[in-house]
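The values are calculated or read from the model by the stated rules, or taken from the named source; none is laboratory data. On a predicted model such as this, the values are computed, not experimentally measured, just so you know. Counting neighbours? That spans all protein chains shown, and the Cβs are built from the backbone with ideal geometry, glycine included. Quick note on the areas: whole protein, heavy atoms, side chains included, nothing else; ligands and nucleic acids left out. Shrake-Rupley method; radii C 1.70, N 1.55, O 1.52, S 1.80 Å.
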Amino acid sequence: MKKVLITGAAGFLGSHLCDRFIAEGFYVIGMDNFITGDPQNVAHLQSNSNFELVEHDVTEYISIAGELDYILHFASPASPIDYLKIPIQTLKVGALGTHNLLGLAKAKKARILIASTSEVYGDPLVHPQTEEYYGNVNTIGPRGVYDEAKRFQESITMAYHRFHGLETRIVRIFNTYGPRMRLNDGRVIPAFIGQALRGENLTIFGDGSQTRSFCYINDQVEGIYKLLFSDYAYPVNIGNPDEISIKDFADEIIKLTGTDQKVIYQDLPVNDPMQRQPDITLAKKLLNWEPKVDRAEGMKKTFEYFKSLSQDELFKTEHRDFSKHIKK
Ligand code: NAD
Ligand code: UDP
């Protein structure tokens, strides 16, 4: 039985990857320090004898007994409000965490896939974004902690590939959504759906003309799975090219939720990218992959998930306590 280590396993993407690898017959070690994730996301796997969840901060030395075939490094705060609150942890997990995992992969002769992001393109001047584009990132802006950690992550991964001959894979993930996103993580989909369900106004940042392209979780997991088993070591965009402005998206959510909420306008966060759409030509050619779930279907499933949360959960204002993860 092949063994895979998935970091960030208690998070949104990581928990869905755990499901997929269990379903494919792997032994899965999920690792997480629960800083932005929740063990509840993998609670349904706890009784499975092919799954174990290890609480560990991957910026500290990582020890795994026995053989290991694959590593998927998904640990990292991923929502702008999370990484603005824990900037140093974000830089550390992308840099030190990735270094530890590459060292582990080398020691175990394991193949490693790392989760990069469309944020490596920053506020892009090329549209849609192809893998060749070098990006437009403000190194010292508030988002720089995430963007530069991910850019460093790609560089050190390529260095291990070139210098040590390590088998590496890099996925550049574009905005992905679905069940198990944290209601209060501040990302636009849980934010808007939560507001609609609570009867609050939807908060549009800026004038709402900025665009995003949203990919449903099942499509994302399929793309990542195919990339891991490809023989391509360079970055590959995985996302859904169907682009929409945030203003139009707010209107869609109001229709979907059957509410008659108003929208209100707030300041656009610094360096918030004005446009984003993946060019997925490479993924189509290399992996024979393209997204299958359109936004209407994906959003319906996502709305069902958020609707199923209890009233307590819906109205709980989460002030996540990051203090126990922060060294003074
Ligand atoms: P998430 O916050 O739901 O999950 C991240 C998980 O990593 C959490 O469970 C968190 O507790 C864990 N974690 C963070 N720091 C850690 C550390 N030092 N040690 C161990 N565990 C740690 O976020 P997500 O949306 O599931 O994102 C997962 C990965 O995918 C991230 O690397 C993110 O950058 C990348 N990504 C996600 C998206 C998206 O749209 N969801 C887009 C681009 C990239
Ligand atoms: N956004 C918004 N209102 C919110 C949350 C987000 O208008 O309550 C906007 C945000 O400014 C950005 C877009 O929605 O332009 C997507 O934001 P998200 O945090 O989901 O992801 P990212 O900016 O990382 O793509």
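Computed over the chain, the per-residue total of -39500 (n - 2.57) for DSSP H runs of n ≥ 4 gives a 222 nm mean residue ellipticity of -10500 deg cm²/dmol, rounded to 500. Residue 123 contributes an accessible area of around 50 Å² to the protein surface, as traced by a 1.4 Å probe with all chains present.
Note on the stretch 3-72: Rg/Rh from Cα positions, Kirkwood definition for Rh, rounded to two decimals, is 0.92. For the stretch 92-183, averaging the sequence separation of C-alpha pairs within contact (under 8 Å, six or more residues apart) and dividing by the residue count gives a relative contact order of 40 percent.
Between the amide H of residue 53 and those of 30, distances stay under 5 Å, these residues lying 5 or more places away or on another chain, with hydrogens modeled in the peptide plane. Maximal additional length on extending the residue 209-residue 130 stretch stands at 26.3 nm, based on 0.36 nm per residue less the C-alpha distance. Here the accessible area of the chain is 51 percent carbon and sulfur, with a 1.4 angstrom probe and all protein chains present. Only one residue of 81, 101, 129 has its Cα farthest out toward the positive end of the dipole of the stretch 60-131, where Lys and Arg carry +1 and Asp and Glu -1 on Cβ, and that residue is 101.
For the stretch 69-123, the list of trypsin sites (Lys or Arg not before Pro) that fall in a loop by DSSP and count at most 16 other C-beta atoms within 10 angstrom reads 109.
Taking chymotrypsin sites (Phe, Trp or Tyr not before Pro) across the stretch 65-171, the ones in a DSSP loop with at most 14 further Cβ atoms lying within 10 angstrom of their Cβ are 134. Karplus-based coupling profile of the stretch 130-146, in residue order and whole Hz: 9, 5, 6, 5, 7, x, 9, 10, 8, 4, 9, x, x, 7, x, 4, 7, with θ = phi - 60° in 6.51 cos²θ - 1.76 cosθ + 1.60 and x standing for Gly or Pro.
Relative contact order of the chain: 17 percent, from C-alpha pairs under 8 Å at least 6 residues apart in sequence. Ranking 285, 316 by solvent-accessible area of protein heavy atoms (1.4 Å probe, all protein chains present), from largest to smallest, gives 285, 316.
The stretch between residue 268 and residue 106, if pulled fully straight at 0.36 nm per residue, gains 54.1 nm over its current Cα-Cα span. Local charge sum around residue 259 (other residues, Cβ-Cβ under 13 Å, Lys/Arg +1, Asp/Glu -1)? Surrounding charge for residue 259 is 0. Size descriptors for the stretch 210-272: radius of gyration and Dmax over Cα atoms are 16.5, 50 Å. Simple point charges give the picture: +1 on the Cβ of Lys and Arg, -1 on the Cβ of Asp and Glu, and for the stretch 219-281 a dipole about the Cα centre of about 100 debye. Using the alpha-carbon positions of the stretch 80-236, Rg (one decimal) and Dmax (whole number) come out as 17.0, 55 Å. With q set to 0.12, 0.17, 0.18 Å⁻¹, the log10 of I(q)/I(0) for the stretch 190-328, from the Debye formula over equal scatterers at the Cα positions, is -0.65, -1.07, -1.12.
Its residue count N fixes a reference of 2.2 N^0.38 Å for the chain, and the Cα radius of gyration divided by that reference is 0.95. State to the nearest 20 debye the size of the charge dipole of the chain about its Cα centre, where the only charges are +1 on K and R beta carbons and -1 on D and E beta carbons. With only Lys, Arg, Asp and Glu charged at Cβ, the dipole is about 620 debye.
For the pair residue 65 and residue 245, what calculated FRET efficiency results from E = 1/(1 + (r/R0)^6), where r is the Cβ-Cβ distance and R0 = 56 Å, to the nearest 0.05? So the FRET efficiency works out to roughly 0.65. What separates the Cα centres of the stretch 156-199 and the stretch 99-118 is a distance of 17 Å. What would the Debye formula give as log10 I(q)/I(0) at q = 0.13, 0.21 Å⁻¹ for the alpha-carbon point model of the stretch 2-124, no solvent? Values returned for q = 0.13, 0.21 Å⁻¹ are -0.48, -1.22. Overall size of the stretch 150-247 from C-alpha positions, given as principal axis extents largest first: 55, 26, 24 Å. The angle separating the long axis of helix 217-228 from the principal Cα axis of greatest extent in the chain is about 20 degrees.
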